[in-house]
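Trainee: Before I ask anything, here is the structure I am working with.
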Amino acid sequence: MRSIVTKGRTVDEALESALKKLNTSREEVEVEVLDQSHGRLFGLLGKKEVSIKVTVKEKEVSEVKTRKPEITGAVGVKNGQIIYFPPAEGQKAPVLVLDPRITAQYQGKEVAGKIELSEGISSLEIQLPDSQEPFKEIRCSVSDDNMIATVLCNRFNGVSYSLKDAYPTEYLELKLETTPIPCTEITIGEIEAKLSFLGIKYGVDLTQIEKFLARTSFESVVARGEYPTEPVDARIEYIFENKPDVDLESSRIDLLEVHATVSSCSEGDLIARVVPGIPGKDGRDVFGEKISAREPRTVELKVGEGVELSEDGMEAYATVSGMPLLVKDVLKVLQVYELRGDADVSTGNIRFEGEVIIHGNVADQVKVSATKGGVRVYGTVYGAYISADNDIVINKTVVRSQVYAGGLSVVYLRVKTLLTSLEEQFVNLLQAIELIKNKSSGSDLDEETLIGSLLELKYTKLIDIAREFIEYVDSETHLRNTTIEDLSIQLADMFPRRGLFRISGISKLVLIHETMQGLIDRITQDYSNEANIKAAYLQNSSLEASGMVEITGQGCFYSNVVAGTGFRMTRGVFRGGKIVVTKGNINLQELGGPSGIVTEAEILHEGTINIGKVYTNARISINNQRYKFDNDYSAVRAYVSDGEMKVYSGSLSLN
């Protein structure tokens, strides 16, 4: 028996709803009142609500089943088949409303929407949608390097359609009932067949995929290639290397330029050897194609003075007793002066042909000089003078001292720096003279008077640089009886400290200019040794290096630095002083100070200036083009492009 439970405000209202849902009449059902109560809303009495159970009488159902109904003018569906009850006399024919997925013909014509069954159902033909068969999908993708294969598996159930049973009524919506057709699980064999078809055969592993087979959709890696095993490259083992006793928080050894230890070796000692490389192993991709491993990189053991190679070039032996030293990948053994304590009045000045290692401090007034070698100080340098042909490393503070790295190279670097600035001033002066002469064509000009006027009014800087050059040449005994000293004497005659300038004419200026150009070229060719200076902290000191200068600590105050190839200070501040680099980059964390103290960074030729923060009144210069900062700026970068200096703060152009 069919029954339904409905609710309403009254029994009649609930019954009316049930009759519509059962598609029957009052005479064909039995009614049972289940509940008649008041609803509650927020604890208060609400509206009255009635619940009833309505059951279709068995007698009426059996009459339909025995086709002895009293129903007329209706159409229904039973067991998926349409049943039809002709209308009584004067009664309208029943109407059938079609599901959009159903196609139908009535009385030989295709119809859609609804059909009035005025001629019964003998000429009615119903066409249901075709059943959809279940199907499986196995898709495979391979990574760009052919090293990973992945499958994406989906299985889709099918579906069949039938008419949904409906009780006879005058106006019937003909609906479809769907029955799923299950899709069987994807099998390991089907996946293997797919991989084989695609040629995927290496590194296949389906053991982990079995736990996914019951799912309707899954994705899993099914094959992995084998990357080639990297070879072990050949390397040089330096037998003499031991960890030096260094405060790593305040200084780090630059292994790229010079790596020295405080160890020593004896004549005949093995100090380095080549450890041969080990070949790698070839790999394969998921298609089984070979991926060749690269060959191990080879190394060459390079030796210099005090070292000789074995016949096969695989071992290096010391030929003298001394200190093993690695300079730009060349292994040497040099005689070493090693001082375990301080360099002070008890030791006197130190002059040594080779490497000098001082484990303590260098005291006031002490001079340390290392020709054909470098200097390493593990302590503090205070009020001292240190010079070396090679690199100088000072682990701690440098206060009120002078430090020079590069030997004669640093002397000639200073000369070249002054000559370069002076030569640029001479070019500008000669161009100005030529311009004035061209504009005054036809009139008599006294060249000596013209040159004197220009020097006094516009080119006073030329005079200052010339006098600085003269003083420096006079102070350096290495420059005696040289062409540089001859030039200094000529400039001193032209620009005396007192009295008038003594310049006879333009030809004299041209001759001096040509001499300067020749000296700059010769110094560039003959004195190219690059020696570096590295110190932790700098105060009231002067540093000059033919190579790079690096400050590793927190500050550099009221000091001057001259470097041939660059300056680097990745933390701390450079305040109250000047940096001059001949050719190379200047990299700083901070330049200047909040009080506006004058601090300068200058590159004479090519290079880039990078500064994390620049304070007001700091100045920079590249290739004689200058810029003064009128505010504080961060992320400053300056360089020369197309002959013009560009200054940026981040992406903001400052000039």
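Trainee: When the residues of the range 287-333 are narrowed to those that are part of a loop (DSSP other than H, G, I, E, B) and buried (at least 18 other Cβ atoms within 10 Å of the Cβ), which ends up nearest to the chain's Cα centre (by Cα)?
Mentor: L301
Trainee: Also, quick follow-up: Go through the range 513-530 and report how many residues are over 46 Å from the mean Cα position of the chain (by Cα) and of a type in the set (K, R).
Mentor: 0
Trainee: Kindly list the number of the only condition in (1) within 30 Å of L213 (Cα to Cα); (2) assigned to a loop (DSSP other than H, G, I, E, B); (3) not hydrophobic (A, V, I, L, M, F, W, C) that fails for T178.
Mentor: (2)
Trainee: Go through the residues of the range 535-554 one by one and say whether even a single one is outside any strand (DSSP E or B), open to solvent by 10 Å² or more (accessible area, probe 1.4 Å) and without any contact (Cβ under 8 Å) to a residue 40 or more places away in the chain.
Mentor: The answer is yes; a qualifying residue exists.
Trainee: So which of I392, I386, I357 ends up being in contact with a Lys or Arg (Cβ under 8 Å, 6 or more places away or on another chain) and without any contact (Cβ under 8 Å) to a residue 40 or more places away in the chain?
Mentor: Being in contact with a Lys or Arg (Cβ under 8 Å, 6 or more places away or on another chain) and without any contact (Cβ under 8 Å) to a residue 40 or more places away in the chain holds for just one of I392, I386, I357, which is I386.
Trainee: Does at least one position in the range 165-185 carry a residue that is more than 30 Å from L22 (Cα to Cα), open to solvent by 80 Å² or more (accessible area, probe 1.4 Å) and among the basic types (K, R)?
Mentor: For the range 165-185, residues more than 30 Å from L22 (Cα to Cα), open to solvent by 80 Å² or more (accessible area, probe 1.4 Å) and among the basic types (K, R): absent.
Trainee: Let me ask another. Residue by residue through the range 611-655, note down the ones that are closer than 14 Å to V581 by Cβ and exposed (fewer than 15 other Cβ atoms within 10 Å of the Cβ).
Mentor: Residues satisfying the conditions do not exist here.
Trainee: Could you give me the residue pairs with C-beta distances under 7 Å whose first residue belongs to the range 514-525 and is within 15 Å of L413 (Cα to Cα) and modelled with pLDDT under 90, whose second residue is of a type outside the set (K, R) and part of a helix (DSSP H, G or I) wherever it lies, and which are 6+ apart or on separate chains?
Mentor: What qualifies is I520/L419; I520/T420; I520/E423; I523/Y412; I523/V415.
Trainee: Only one residue in L462, L422, L430, L408 is over 30 Å from G373 (Cα atoms) and either open to solvent by 20 Å² or more (accessible area, probe 1.4 Å) or among the aromatic types (F, W, Y) (or both), so which one is that?
Mentor: Answer to the selection: L430.
Trainee: Separate question: Are there any strands (runs of 3 or more DSSP E) wholly within the range 600-652 with 1 or more residues that are closer than 20 Å to R575 by Cβ and of a type in the set (F, W, Y), and if so which?
Mentor: 625-628, 633-641
Trainee: Hey, another quick one. Quick one: L435 ticks every box in (1) farther than 25 Å from N624 by Cβ; (2) part of a helix (DSSP H, G or I); (3) free of Cβ contacts under 8 Å to residues at least 12 places away in the same chain bar one, so which box is it?
Mentor: (1)
Trainee: Follow-up. Can you pull out every residue in the range 479-512 that is surrounded by fewer than 17 Cβ atoms within 10 Å (Cβ to Cβ) and within 53 Å of the chain's Cα centre (by Cα)?
Mentor: Matches in the range 479-512: T482, T483, E485, V510.
Trainee: Which members of the range 375-403 meet the condition of being within 17 Å of V562 (Cβ to Cβ), open to solvent by less than 30 Å² (accessible area, probe 1.4 Å), of a type outside the set (A, V, I, L, M, F, W, C) and touching a Ser or Thr at 6+ places or on another chain (Cβ under 8 Å)?
Mentor: Matches in the range 375-403: S387, S401.
Trainee: I've got another one for you. Residue check: is A384 under 21 Å from D474 (Cα atoms) and small (G, A, S)?
Mentor: no
Trainee: Go through the range 276-286 and count every residue that is open to solvent by 60 Å² or more (accessible area, probe 1.4 Å), assigned to a strand (DSSP E or B) and of a type outside the set (K, R).
Mentor: So the count comes out to 1.
Trainee: Are there any pairs, at least 6 apart or on different chains, whose C-beta atoms fall under 6 Å, with the first in the range 153-166 and in contact (Cβ under 8 Å) with a residue 12 or more places away in the chain and among the small types (G, A, S) and the second part of a strand (DSSP E or B) and surrounded by fewer than 17 Cβ atoms within 10 Å (Cβ to Cβ), and if so, which?
Mentor: G158/Q132; G158/I181; S160/T179; S162/E177
Trainee: Enumerate the pairs (first residue in the range 186-199 and touching a residue at least 12 places away in the same chain (Cβ under 8 Å); second residue anywhere and part of a helix (DSSP H, G or I) and open to solvent by 40 Å² or more (accessible area, probe 1.4 Å)) with beta-carbon separation below 7 Å, excluding pairs fewer than 6 apart on the same chain, so at least 6 apart or on different chains.
Mentor: As it stands, the answer is I188/E210, since those pairs meet every condition given.
The values are calculated or read from the model by the stated rules, or taken from the named source; none is laboratory data. None of these values were measured; they are calculated from a predicted model. Neighbour counts are summed over all protein chains in view; Cβ atoms, including those assigned to glycine, are modelled from backbone coordinates with ideal geometry. In case anyone asks, the SASA skips ligands and DNA or RNA and just uses the protein heavy atoms, side chains included. Shrake-Rupley method; radii C 1.70, N 1.55, O 1.52, S 1.80 Å.
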